[in-house]
Amino acid sequence: MSPAASSPTGVLELPGLHNVVSYRGSGAQEFYSGSVPEGDAGFDALVALGVKTVISVDGALPDLARAKARGLRYVHLPIGYDGFDDARKAELVRAVRDLPKPIYLHCHHGKHRSAGAAATVAVSLGWMDNAEAAAHMKRSGTAEGYKGLWSCAAKAAPMMSAAIDAARGDFPELTRPDSMVAAMVAIDEALDRIKLVEKNGWKVPASHPDLAPAADAGRIADLLRVLDGDLAAKPAGEPGRDAHLGRLDEAARADFRALLVRNAREASELEELLLGGDAARIAPAMKALGAGCKDCHVKYRD
Ligand code: HEC
């Protein structure tokens, strides 16, 4: 039995790898979903699992240097939190069918996008039925709110070889994100760093002396403002490189921009408080910032 399948919950936690769930527990053919491998520990854990191919469905650029140093093949095929189209599905199915196994498929946290993709691929290749796929996503911890991901897995059906063969087979090791995804990834990384300080009672932890939460809050505000500026400069209805925004009509676009501006203001407020404002207001400001991210994602992303 595979290490993930034999753990009591079916979920493995390894050094630098989280939420590891097997979507095909059969030794050399194993197919895992999990979090992004963190640093040397994460990549060493992949090697210890025997993994040969790593597939990322996350927007962030993969750590190709660490993968190559260990002889691992990387494939980067990002998907959204709202699911993915048939072309991306077929590419993922083909990659998992054709590339050396065991295969580790990851997003950032290993709960939502990697699980939705792994479940869809496993059904498409005839390895499990839709009910088993949903049970596996539950095990990975996929949130109910990601309806597009659940629906991809629910609609999946075994694919004919000819349809899989027709998919793009160049398996890129790097897919440049569009500007929206790249900015969001940077925003998320900055917020994660602020959370480390939050966890330590809003004091920079001795273990991470390099953290600068006010600067990170300012960086978030900047990035959100830059996105708003991009939108202002781009004529409405022009898809540009941001597939999401091309679909928005005039009114939705204005609403989207208002949410960006509001969120930027929340980030600036947090920045000012962290620079020496009323300490009692820091926690509520952090909460407001997080709520600002969520309000937009619920409406325009998930
Ligand atoms: C005004 C809307 C809006 C706001 C505000 C917003 N986001 Fe986003 N975010 C989006 C959209 C739209 C996407 C999907 C982009 C795509 O896939 O094309 C996204 C995607 C993301 C992603 C996924 C990136 C990937 O790997 O595909 C993360 C992480 C993220 N946002 C974090 C945040 C955080 C953290 C905040 C708040 C500090 C935030 N966002 C604020 C609209 C927003």
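Coordinate-derived values only; no laboratory data. Please read these numbers as outputs of a predicted model, since none were measured by experiment. Note that each Cβ is placed from the backbone with ideal geometry, even for glycine, and that neighbours are counted across all protein chains shown.
Determine the sum of side-chain charges near residue 24: Lys and Arg each +1, Asp and Glu each -1, restricted to other residues whose C-beta is under 10 angstrom from that of residue 24. Walk me through the numbers on the way to the answer.
On the way: positive: 101; negative: 30.
Around residue 24, the charge tally is 0.
Convert each backbone phi in the stretch 127-142 into a coupling constant with the Karplus relation 6.51 cos²θ - 1.76 cosθ + 1.60 (shift: θ = phi - 60°), then list the ³J(HN,Hα) values in order as whole Hz, x for Gly and Pro.
Once rounded to whole Hz, the list reads 7, 7, 8, 5, 5, 5, 4, 5, 5, 5, 5, 4, 4, 5, x, 4.
Would you mind working out the magnitude of the charge dipole of the stretch 103-164 relative to its Cα centre, with +1 at each Lys and Arg C-beta and -1 at each Asp and Glu C-beta, to the nearest 20 Debye? Numbers along the way, then the final one.
Details: 6 positive and 3 negative charges, 38 e Å.
Result for the stretch 103-164 is approximately 180 debye, rounded to the nearest 20.
Give a residue-ordered list of calculated ³J(HN,Hα) values for the stretch 256-268 (Karplus: 6.51 cos²θ - 1.76 cosθ + 1.60, θ = phi - 60°; whole Hz; x for Gly, Pro).
Per-residue couplings from phi come out as 4, 5, 5, 5, 4, 5, 4, 5, 5, 5, 4, 5, 5 Hz.
Looking at the stretch 3-165, I'd like the Rg to Rh ratio, where Rg is from alpha-carbon atoms and Rh is Kirkwood's inverse mean 1/r.
We get a ratio of 0.93 for the stretch 3-165.
When Lys and Arg each count +1 and Asp and Glu each count -1, what net charge do the other residues less than 15 Å away from residue 255, Cβ to Cβ, add up to?
So the environment of residue 255 carries a net charge of +2.
Among DSSP beta bridges whose residues both lie in the chain, state the antiparallel percentage, nearest 5.
Expressed as a percentage, antiparallel bridges in the chain total about 35.
Count charges around residue 7 for me, please; just the other residues with Cβ under 13 Å from its Cβ, Lys/Arg as +1, Asp/Glu as -1.
0
How much FRET efficiency would the formula 1/(1 + (r/R0)^6) give for residue 47 and residue 294, where r is the Cβ-Cβ distance and R0 is 41 Å, rounded to 0.05?
Efficiency computed from Cβ-Cβ geometry: 0.65.
On C-alpha positions alone, give me the angle between the axis of helix 113-124 and the longest principal axis of the chain, in degrees, nearest 10.
20
Label 7 Å along Cα→Cβ of residue 178; the stretch 58-93 residues with amide nitrogen under 14 Å?
Within reach of a label on residue 178: 59, 78-85.
Once Lys and Arg get +1 and Asp and Glu get -1 on their Cβ, which of 285, 109, 214 lies farthest toward the positive end of the dipole of the chain?
109
If you count the DSSP beta bridges with both ends in the stretch 1-125, what percent of them are antiparallel, to the nearest 5? It would help to have the intermediate numbers written out before the result.
Working: 6 of 18 bridges.
Around 35 percent of the beta bridges assigned by DSSP in the stretch 1-125 are antiparallel ones.
How long are the semi-axes of the equivalent ellipsoid of the chain, taking √(5λ) for every eigenvalue λ of the Cα gyration tensor, in whole Å from largest down?
Details: eigenvalues 235, 119, 57 Å².
Taking √(5λ) for each Cα gyration eigenvalue gives 34, 24, 17 Å.
Using 0.36 nm per residue of separation minus the Cα-Cα distance, give me the extension gain between residue 208 and residue 135 in nm, one decimal. Please list the in-between numbers first.
On the way: separation 73, 0.36 × 73 = 26.28 nm, distance 3.82 nm.
Separation in residues times 0.36 nm, less the Cα-Cα distance, equals 22.5 nm.
Run the dipole for the stretch 179-300 about the Cα centre, Lys and Arg Cβ at +1, Asp and Glu Cβ at -1, nothing else charged, and hand back the magnitude in debye, nearest 20.
That gives the stretch 179-300 a dipole magnitude of about 220 debye.
Over all directions, the average projected area of the alpha-carbon convex hull for the stretch 39-131 comes to how many nm²?
Mean orientational projected area (the stretch 39-131, Cα hull): 6.0 nm².
By how many degrees, 0 to 90 and rounded to 10, does the Cα axis of helix 213-233 deviate from the longest principal axis of the chain?
Rounded to the nearest ten degrees, it is 80.
If the viscosity is 1.306 mPa s and the temperature 10 °C, what translational diffusion coefficient in µm²/s does Stokes-Einstein give for the stretch 77-158 when Rh comes from Kirkwood over Cα pairs?
Working: Rh = 12.3 Å.
The diffusion coefficient I find is 129 µm²/s.
Rounded to the nearest 20 debye, what is the charge dipole size of the chain about its Cα centre when +1 sits on each Lys and Arg Cβ and -1 on each Asp and Glu Cβ?
Its charge dipole is roughly 520 debye.
Pairing the Cα long axis of helix 86-98 with the longest principal axis of the chain, what angle in degrees results, from 0 to 90 and rounded to the nearest 10?
Tilt relative to the chain: about 50 degrees.
Using Cα pairs under 8 angstrom and six or more residues apart, how large is the relative contact order of the chain, in percent?
15
If amide H atoms are built 1.01 Å from N in the plane of the peptide, which residues on other chains or at least 5 residues away come under 5 Å of the amide H of residue 56?
Hits under the 5 Å cutoff: 75, 76, 77, 106.
Hey, if you put +1 on the Cβ of every Lys and Arg and -1 on every Asp and Glu Cβ in the chain, which of 20, 174, 130 ends up farthest toward the positive end of that dipole?
The residue sitting most towards the positive pole is 130.
Take the stretch 179-300, drop everything but the C-alpha atoms, weight them equally and run the Debye formula without solvent; then report log10 I(q)/I(0) at 0.10, 0.15, 0.17 Å⁻¹ to two decimals.
Taking Cα atoms of the stretch 179-300 as identical point scatterers yields -0.33, -0.68, -0.82.
Which FRET efficiency value, to the nearest 0.05, do you get for residue 161 and residue 261 by plugging their Cβ-Cβ distance into 1/(1 + (r/R0)^6) with R0 = 45 Å? Walk me through the numbers before you get to the answer.
Values: r = 50 Å, r/R0 = 1.11.
For residue 161 and residue 261, the calculated efficiency is 0.35.
Which lysines have a Cα lying under 16 Å from the Cα of residue 111, excluding residues fewer than 8 positions away in the same chain?
138, 147
Could you calculate the contour length gain from residue 233 to residue 26, that is, 0.36 nm times the residue separation minus the distance between their Cα atoms, to one decimal place in nm?
69.3 nm
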